[in-house]
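Visitor: Questions regarding the structure given below will be posed in turn.
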Amino acid sequence: MIFSRKRISVFGGRDVSNEIYHKAYMLGGLLSKEGYLVYCGGGEGVMEAIAKGVYKNKGICIGILKGESLSEMNKYITIPVSTNMGISRNALLAYNCDVAVAISGKYGTLSEISYAFQLEKPVVGLNSWNLTGLTNVNEPSQVIDFIKENT
């Protein structure tokens, strides 16, 4: 697999519906097939689904973990980064991307979106928050289109 130099950070919550999990999984596969280096929080829910899609398609997913233990990491993370920063690690996800993707999510996802906006990074939402400046789409393929248009 040849990887592009484009980094994509995926934001999203731990508690997700089966539909959102499936969309995140499909998106992970598409990101991997495009050769993007994928970052996420490394835990459950959206993070696991993205990492699983990337893993199944032989890509690389870096998990920026809240704590110092790898026990919080899902089994599909390729490269774990322990931070012991708690939710402050959300800023690291925004710093380490060329484009950010917000999938569903609650307040942690909202904080990650805010960091990305402050850093003037393009952000696309997949069934996410309704915010000025956030392009929301309904399908994983539309996320890929947005990334290509903004990198």
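Visitor: Would it be correct to say that residue 20 is modelled with pLDDT of 95 or more and outside any strand (DSSP E or B)?
Guide: Against the criterion (modelled with pLDDT of 95 or more and outside any strand (DSSP E or B)), residue 20 qualifies.
Visitor: Another one. With the requirement that a residue be surrounded by 15 or more Cβ atoms within 10 Å (Cβ to Cβ) and either of a type in the set (Asp, Glu) or over 13 Å from the mean Cα position of the chain (by Cα) (or both), what does the range 123-135 give you?
Guide: 127, 129, 131, 134, 135
Visitor: Quick one: how many residues across the range 31-48 are farther than 19 Å from residue 75 by Cα and surrounded by fewer than 24 Cβ atoms within 10 Å (Cβ to Cβ)?
Guide: Adding up the residues that qualify gives 3.
Visitor: Name the residue, out of 98, 145, that is under 15 Å from the mean Cα position of the chain (by Cα) and of a type in the set (Asp, Glu).
Guide: Matching residue, one of 98, 145: 98.
Visitor: Scan the range 102-122 residue by residue and report those that are within 17 Å of residue 47 (Cβ to Cβ) and of a type in the set (A, V, I, L, M).
Guide: The answer is 102, 103, 110, 113, 116.
Visitor: Select the strands (runs of 3 or more DSSP E) contained entirely in the range 50-151, then report the ones holding at least 2 residues which are modelled with pLDDT of 95 or more, in contact with a helix residue (DSSP H, G or I) (Cβ under 9 Å, 6 or more places away or on another chain) and closer than 14 Å to residue 7 by Cβ.
Guide: Qualifying strands (runs of 3 or more DSSP E): 61-65, 99-103.
Visitor: Residues to consider are 68, 120, 48; find the one that is of a type in the set (Asp, Glu) and closer than 23 Å to residue 25 by Cβ.
Guide: Just one listed residue meets the conditions, 48.
Visitor: Additional query: Here's a check for you: in the range 6-17, which residue that is out of contact with any Leu (no Cβ under 8 Å at 6 or more places or on another chain) and crowded, with 18+ Cβ neighbours inside 10 Å is modelled with the lowest pLDDT?
Guide: This residue is 13.
Visitor: Taking the condition part of a strand (DSSP E or B) and either free of Cβ contacts under 8 Å to residues at least 40 places away in the same chain or closer than 16 Å to residue 123 by Cβ (or both), does residue 9 pass?
Guide: Here the answer is yes, as residue 9 does meet what is asked.
Visitor: Same structure again: Hey, residue 67 hits all of (1) free of Cβ contacts under 8 Å to residues at least 24 places away in the same chain; (2) buried (at least 24 other Cβ atoms within 10 Å of the Cβ) but one; which does it fall short on?
Guide: Tallying (1) free of Cβ contacts under 8 Å to residues at least 24 places away in the same chain; (2) buried (at least 24 other Cβ atoms within 10 Å of the Cβ), residue 67 fails exactly one: (2).
Matching residues to (1) of a type outside the set (D, E, K, R); (2) in contact with a strand residue (DSSP E or B) (Cβ under 7 Å, 6 or more places away or on another chain); (3) under 21 Å from residue 30 (Cα atoms); (4) surrounded by 15 or more Cβ atoms within 10 Å (Cβ to Cβ):
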position: 59; (1), (2), (3), (4): yes, yes, yes, yes
position: 85; (1), (2), (3), (4): yes, no, no, yes
position: 102; (1), (2), (3), (4): yes, yes, yes, yes
position: 144; (1), (2), (3), (4): yes, no, yes, yes
position: 148; (1), (2), (3), (4): no, no, yes, no
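The values are calculated or read from the model by the stated rules, or taken from the named source; none is laboratory data. In this text, all values refer to a predicted model and were calculated from it rather than measured experimentally. Counting neighbours? That spans all protein chains shown, and the Cβs are built from the backbone with ideal geometry, glycine included.
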